[in-house]
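The values are calculated or read from the model by the stated rules, or taken from the named source; none is laboratory data. Bear in mind that the values here come from a model prediction, so they are computed numbers and not experimental data. FYI the Cβ positions are ideal-geometry reconstructions off the backbone, even for glycines, and counts take in every protein chain you see. What goes into the accessible areas is simple: the full protein's heavy atoms, side chains included, and nothing from ligands, DNA or RNA. Shrake-Rupley method; radii C 1.70, N 1.55, O 1.52, S 1.80 Å.
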Amino acid sequence: MEDCLAKKMEITVSEAEKRTGRNAMNIQETYTAYLIETRAVESQSEGQCGPVESLWRRYSEFELLRNYLSVTYPHIVVPPLPEKRADFVWHKLSADNMDPDFVERRRIGLENFLLRVASHPVLCQDKIFYAFLMQEGGWKEMVNETGFQLKADSRLKALNATFRVKNPDKRFTELKHYSDELQSVISHLLRVRARVADRLYGVYKVHGNYGRVFSEWSAIEKEMGDGLQSAGHHMDVYAASIDDILEEEEHYADQLKEYLFYAEALRAVCRKHELMQYDLEMAAQDLTSKKQQCEELATGTVRTFSLKGMTSKLFGQETPEQREAKIKVLEEQIQEGEEQLKSKNLEGRDFVKSAWADIERFKEQKNHDLKEALISYAVMQISMCKKGIQVWTNAKECFSKM
Amino acid sequence: DTSLAELNSFSPSVPISPSSMINQYKFEDGPELRDLFITVDDPESHITAIETFITYRVVTKTTRGEFDSSEYEVRRRYQDFLWLKSKLEEAHPTLIIPPLPEKFIMKGMVERFSDEFIETRRKALHKFLNRIADHPTLTFNEDFKIFLTAQAWELSSHKKQGPGLLSRMGQTVRAVASSVRGAIKNRPEMFTEMNNYMETFSQKINLLDKIAHRIYKEEREYFNEMKEYGPIHTLWSASEEDIAESLKGIASCIDRCCRATEKRMAGLSEHLLPILHEYVLYSEILMGVLKRRDQIQGELDSKVDALANKKTEKDLFSEEIGKLEDKVERANNALKADWDRWKQNMQWDMRSTFTNVAENNLRYYEE
C-alpha cells in the first residue's frame with residue numbers, strides 16, 4: 001500500500017461554530033466554521049504522537065480546495081463534498097443550513113472528505129492540500145497563485161466536445177452511462193427512502209396517542225386499570241423509539257449520497273477524456289487539411305472546391321513568389337502540427353492510462369463501501385425489529401393482565 | 001371462576017360446530033352450557049321492481065326443547081334485524097341490547113353494496129345474534145325465537161301484529177315529558193356512577209376508534225411507499241456486478257416486509273377495528289339504557305309527587321305506585337345485573353383484542 005498522508009497523520013473535523021463576519025461585498029452574513037485538527041502519528045510506537053494542530057475553515061474554502069484538485073488532477077476521481085443544501089428531506093428534518101442536525105452531518109461529511117483525499121495515493125501528496133490542513137493564513141492566496149482557474153476547461157467547450165467527438169475510448173463511454181445510471185437510481189432511492197421514513201414515523205407516532213388515551217381510560221376502570229396503564233406506557237416507548245431509528249438511517253442515506261456525488265466526479269473524468277480526444281481529432285483534421293492545401297498549391301491542381309480557388313480563377317492567379325511563400329509557411333505549420341499531434345497523442349494515452357488506473361481503484365472502493373453500507377442498513381432494520389418485538393411482548397403481557 | 005368467556009368467530013364461511021364453542025356463564029340457577037348456535041353467512045342480492053337489497057342466511061342449531069326442530073335455515077334482510085332489535089328494546093327497556101351495524105357508513109370510501117361493506121355488515125350481524133343468544137334473558141325472548149325460525153311470510157305477518165309504531169312513539173314522548181329532571185334528583189348513587197363512567201368511557205372509546213383508524217391509514221400509506229422501495233434496488237443491481245447480489249437480497253427482503261405489513265393491516269381491520277366500533281355503538285346504547293331507566297323511575301317519582309298533592313283517591317294511586325315501584329325495582333335490578341355482565345364482557349373483549357393486536361405486531365416484527 002502506498003505511503004499516504006492518512007497513515008502519517010490523524011485528521012479530524014472536530015467542531016462546528018456559528019460565526020458572523022463580513023463577506024466580499026461587505027455585507028454581514030452568518031456562516032458556520034469548522035475546526036480541523038491534525039496530529040502527526042508515529043506508526044511504530046503507540047504513545048508517541050505529535051502535538052495537535054488546528055485551524056478553522058468554512059465550507060467555501062473546502063469548495064475552493066476541491067475545485068483546485070479537480071482542475072489540477074483531471075485524471076483522478078476526486079472525492080465529493082457533502083451537499084451544500086439539505087436535499088431529500090422528510091418532514092422531520094429541516095432544510096435549514098443552520099439546523100444543528102444538518103451542521104453535525106455536514107461536519108462528519110467534511111471529515112470524511114479530508115480522510116478520502118488523505119488516503120488517495122496521488123492527491124495526498126499535493127502541497128496545497130497539505131497547506132489547507134496546516135496553514136491558516138494566506139492559503140487562499142496560495143491557491144489562487146497556482147493559476148488553476150486558468151487551466152479550467154470552460155463548460156461550453158466541454159459540452160461541445162461531448163457532442164462532436166468521433167472516437168472516444170469505449171470504456172469511457174460505458175463509464176459515462178454507468179455514472180448516469182448510478183446517479184439516477186441513487187437519487188430515486190433516496191427520494192423513496194425519505195417518503196418511507198416519513199410514513200414510518202407517522203405509524204409510530206400515532207401509537208403514542210394510545211398511551212395517552214389508555215392512561216385516561218385506566219382512571220375509570222378497576223380491574224382493567226393497571227393493565228391499561230402499563231400498556232399505555234409501552235405504547236409511549238414504542239412511539240418514542242422511532243426517533244433514534246430514523247437518525248441512524250440518516251447516516252446510511254449520507255453514505256449513499258456520497259456515491260451519488262461521486263457519479264458527478266466520474267463524469268468529470270469522462271468529460272476530460274472527451275475533451276482531449278476531441279482536441280486531438282481537431283488537430284489531426286487541421287493537419288490533414290493543411291497538408292492538402294500544401295499539395296494543391298504545389299501541384300496547381302484544385303481537388304476540392306475552395307473560395308480562394310474560385311477567386312483566383314476569377315481574378316487571376318497569384319504570382320509564383322507569393323505561392324512559394326505560402327507553401328513555405330504551410331510547411332512550417334505542418335511540421336509544428338505534426339509535433340503537436342505527436343505530443344497530444346502521448347498526452348491522451350497517458351491520460352487514459354492513469355485515469356483508468358484511478359477508476360479501477362475507485363471501483364474497488366465503491367464496491368467495498370456500498371456493500372458495507374447495505375449490510376449496516378440490514379443490521380439497522382434487524383435492530384428495529386428486535387426493539388419492536390420487545391415493546392410488543394411487554395405490551396402483550398400488560399394486555400393479558402387486563 | 002366467574003369469567004365470562006365469549007367466543008366470537010370471525011371466519012366467514014366456516015360452519016361453527018357445537019363442539020368448538022364452549023360457553024360458560026354464571027346465572028342465578030347455576031352454570032349452563034350453550035345450546036343455541038347461530039351463523040350468519042351467504043349474502044345474496046335480490047332485485048325487485050322497487051328496490052335492491054341483500055339477504056343473509058341465518059342458520060340455527062339447537063338442542064332446546066322449546067324449539068320444534070334442531071336445525072333451522074332462514075333468510076333475513078337488514079330490516080328484519082332492525083325489527084328484532086326494536087322488539088327487544090321494547091320488551092326489556094333496561095337491558096343492554098347489543099348493537100346493530102349502522103345503515104350506511106358515511107366514510108366515502110365504501111359504497112353501499114361493495115363487497116367490503118357487505119362482509120363487514122355480515123360479521124356484525126353474526127355477532128349481534130350471538131350476543132343475544134348468550135344473554136341469559138334475551139335468549140329466551142319469543143320474538144328472537146320467531147326471528148330465527150319463521151319463514152319469510154310467517155315473519156311478515158307476525159311483524160304486523162303488536163302495537164303500531166305511532167302508539168309506541170306516543171308512549172315514549174309521554175314518558176320523557178313527565179320524568180327526566182325528577183329522575184336525576186332521586187337517582188340511586190349506583191346509577192349516577194354508571195352515568196359518569198359511561199360518559200368517560202364513551203369519550204375514550206371514540207378516541208381509540210379514531211386512533212386505530214388513523215394507524216390503519218398510516219400503515220396503508222407506508223405500505224404504498226414500500227411497494228416502490230424494493231424494485232429500485234433490483235433496478236440498481238442491473239448496472240452493478242460486484243454488489244448486484246447484495247442489492248437483490250435487499251430488494252427481496254423489502255418485498256417480504258411489504259407482505260408482512262399487509263398482514264398487519266389485515267389483522268387490524270379484522271379484529272381491532274370491528275370491536276372498537278362495536279363498543280362505540282355500545283356506549284351509545286348504554287347511555288340510552290340509562291336514560292330509559294331514568295324515565296321509568298321518573299314515572300314513579302311523578303306519581304309519588306302527585307300523590308303527595310292529592311290526598312284523595314289514595315288507594316288507587318297507591319296501587320299504581322306499588323306497581324311502578326315494582327317496575328322500577330325490576331328495571332334497576334335488570335340493569336345492574338346486565339351492567340356487570342356487560343362490563344365483564346367488555347373487559348374480556350378488550351383484553352383479547354389488544355392481546356391479538358400485540359401478537360400481530362410481534363408476528364410482523366418476527367417476519
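Return the only residue of A:Lys290, A:Lys257 being in a helix (DSSP H, G or I) and modelled with pLDDT of 90 or more.
A:Lys257
Only one of (1) outside any helix (DSSP H, G or I); (2) open to solvent by 20 Å² or more (accessible area, probe 1.4 Å); (3) β-branched (Val, Ile, Thr) is not met by B:Thr55, so which one is it?
That leaves (2) as the condition not met.
B:Glu221 is checked against (1) modelled with pLDDT under 90; (2) at the interface with chain A (Cβ under 8 Å from one of its Cβ atoms); (3) open to solvent by 20 Å² or more (accessible area, probe 1.4 Å) and fails just one. What number does that condition carry?
B:Glu221 satisfies all of (1) modelled with pLDDT under 90; (2) at the interface with chain A (Cβ under 8 Å from one of its Cβ atoms); (3) open to solvent by 20 Å² or more (accessible area, probe 1.4 Å) except (1).
List every residue pair whose Cβ atoms sit under 6 Å apart, with the two residues 6 or more apart in sequence or on different chains, where the first one lies in the range A:363-386 and is more than 8 Å from chain B (Cβ to nearest Cβ) and the second, anywhere, is open to solvent by 50 Å² or more (accessible area, probe 1.4 Å).
Within 6 Å, the pairs are A:Ala373/A:Gln255; A:Met380/A:Glu248.
Search the range A:59-73 for residues that are in contact (Cβ under 8 Å) with a residue 40 or more places away in the chain and pair each with any residue that is among the charged types (D, E, K, R) and assigned to a helix (DSSP H, G or I) when their beta-carbon atoms are under 8 Å apart and the residues are at least 6 apart or on different chains.
A:Tyr59/A:Arg106; A:Glu61/A:Lys140; A:Leu64/A:Lys140; A:Val71/A:Lys151; A:Thr72/A:Lys151
Can you pull out the residues in the range B:184-208 that are open to solvent by less than 70 Å² (accessible area, probe 1.4 Å) and more than 10 Å from every other protein chain (Cβ to nearest Cβ)?
Within the range B:184-208, B:Arg187, B:Pro188, B:Met190, B:Phe191, B:Thr192, B:Met194, B:Asn195, B:Ser202 meet the criteria.
Being open to solvent by 10 Å² or more (accessible area, probe 1.4 Å) and either within 22 Å of B:Leu95 (Cβ to Cβ) or part of a helix (DSSP H, G or I) (or both): is that true of B:Leu300 here?
yes
Might you let me know whether the range A:45-68 holds any residue that is open to solvent by 70 Å² or more (accessible area, probe 1.4 Å), at pLDDT 90 or above and not hydrophobic (A, V, I, L, M, F, W, C)?
yes
Go through the range A:188-201 residue by residue and tally those that are open to solvent by less than 10 Å² (accessible area, probe 1.4 Å) and without any contact (Cβ under 8 Å) to a residue 40 or more places away in the chain.
Within the range A:188-201, residues that are open to solvent by less than 10 Å² (accessible area, probe 1.4 Å) and without any contact (Cβ under 8 Å) to a residue 40 or more places away in the chain number 1.
In the range A:222-238, what residues are more than 8 Å from chain B (Cβ to nearest Cβ) and crowded, with 21+ Cβ neighbours inside 10 Å?
A:Leu228, A:Gly232, A:His234, A:Met235, A:Tyr238
Filter the range B:309-344 for residues that are in contact with a helix residue (DSSP H, G or I) (Cβ under 8 Å, 6 or more places away or on another chain), among the polar types (S, T, N, Q) and at pLDDT 70 or above and give the result.
Residue satisfying the conditions is B:Asn332 alone.
Mind checking whether some residue in the range A:274-283 is without any contact (Cβ under 8 Å) to a residue 24 or more places away in the chain and either surrounded by fewer than 18 Cβ atoms within 10 Å (Cβ to Cβ) or more than 30 Å from A:Asp350 (Cβ to Cβ) (or both)?
Checked against the condition, which is being without any contact (Cβ under 8 Å) to a residue 24 or more places away in the chain and either surrounded by fewer than 18 Cβ atoms within 10 Å (Cβ to Cβ) or more than 30 Å from A:Asp350 (Cβ to Cβ) (or both), the range A:274-283 yields at least one hit.
For the range B:209-218, how many residues are within 8 Å of chain A (Cβ to nearest Cβ) and open to solvent by 10 Å² or more (accessible area, probe 1.4 Å)?
Number satisfying all stated conditions: 3.
Residues in the range B:3-10: is at least one surrounded by fewer than 16 Cβ atoms within 10 Å (Cβ to Cβ), of a type in the set (Ser, Thr, Tyr) and at pLDDT 50 or above?
No, there is no match, as no residue in the range B:3-10 is surrounded by fewer than 16 Cβ atoms within 10 Å (Cβ to Cβ), of a type in the set (Ser, Thr, Tyr) and at pLDDT 50 or above.
Looking only at the range A:109-157, count how many residues are open to solvent by less than 60 Å² (accessible area, probe 1.4 Å), among the hydrophobic types (A, V, I, L, M, F, W, C) and either under 17 Å from A:Glu61 (Cβ atoms) or assigned by the TED database to the domain that holds A:Ser354 (or both).
14
Of the numbered conditions (1) open to solvent by less than 40 Å² (accessible area, probe 1.4 Å); (2) free of Cβ contacts under 8 Å to residues at least 12 places away in the same chain, A:Tyr210 fails exactly one; give the number of that condition.
Status for A:Tyr210: all satisfied but (2).
Looking at the range B:266-275, is at least one residue of a type in the set (Ser, Thr, Tyr), part of a helix (DSSP H, G or I) and open to solvent by less than 10 Å² (accessible area, probe 1.4 Å)?
Scanning the range B:266-275 turns up no residue that is of a type in the set (Ser, Thr, Tyr), part of a helix (DSSP H, G or I) and open to solvent by less than 10 Å² (accessible area, probe 1.4 Å).
Are any residues in the range B:224-252 more than 7 Å from chain A (Cβ to nearest Cβ) and free of Cβ contacts under 8 Å to residues at least 12 places away in the same chain, and if so, which ones?
Correct list: B:Asn224, B:Ala238, B:Glu240, B:Glu241, B:Ala244, B:Glu245, B:Gly249.
Any idea which residue in the range B:29-38 is modelled with the highest pLDDT, counting only those that are out of contact with any Ser or Thr (no Cβ under 8 Å at 6 or more places or on another chain) and surrounded by 13 or more Cβ atoms within 10 Å (Cβ to Cβ)?
Result: B:Arg34.
Before we move on, is A:Glu248 assigned to a helix (DSSP H, G or I), more than 9 Å from every other protein chain (Cβ to nearest Cβ), of a type outside the set (Lys, Arg) and open to solvent by 60 Å² or more (accessible area, probe 1.4 Å)?
Considered against the rule, which asks whether it is assigned to a helix (DSSP H, G or I), more than 9 Å from every other protein chain (Cβ to nearest Cβ), of a type outside the set (Lys, Arg) and open to solvent by 60 Å² or more (accessible area, probe 1.4 Å), A:Glu248 comes out as yes.
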